[in-house]
């Protein structure tokens, strides 16, 4: 059985908008709302705000920029010198 903190993370990530209320999660896992908040705050991939637990979204954007930068660097280092001379 997975730890409750991981179950909460998987539930939030599986939700349509990656957002679930603290009340819904507390009923689903039969624990107090304060415990859900504490576990979600401990998780680096989740954010708790106004009674809502949501997934952070910065990682996907950062990965996209890193991938784009890698392709640009490859083009500058490998392709551009081949075209020039």
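List of remarks:
- The stretch 16-35 - residue that is part of a loop (DSSP other than H, G, I, E, B) and surrounded by 14 or more Cβ atoms within 10 Å (Cβ to Cβ) and, of those, modelled with the lowest pLDDT: 18
- Residues that are within 18 Å of residue 19 (Cβ to Cβ), modelled with pLDDT under 65 and assigned to a helix (DSSP H, G or I) do not occur anywhere in the stretch 36-52.
- Residue check for residue 9: surrounded by 15 or more Cβ atoms within 10 Å (Cβ to Cβ) and at pLDDT 90 or above: yes
The values are calculated or read from the model by the stated rules, or taken from the named source; none is laboratory data. All values derive from a computational prediction rather than experimental measurement. With ideal geometry, Cβ positions are generated from the backbone for all residues, glycine too; neighbour counts draw on all protein chains shown.
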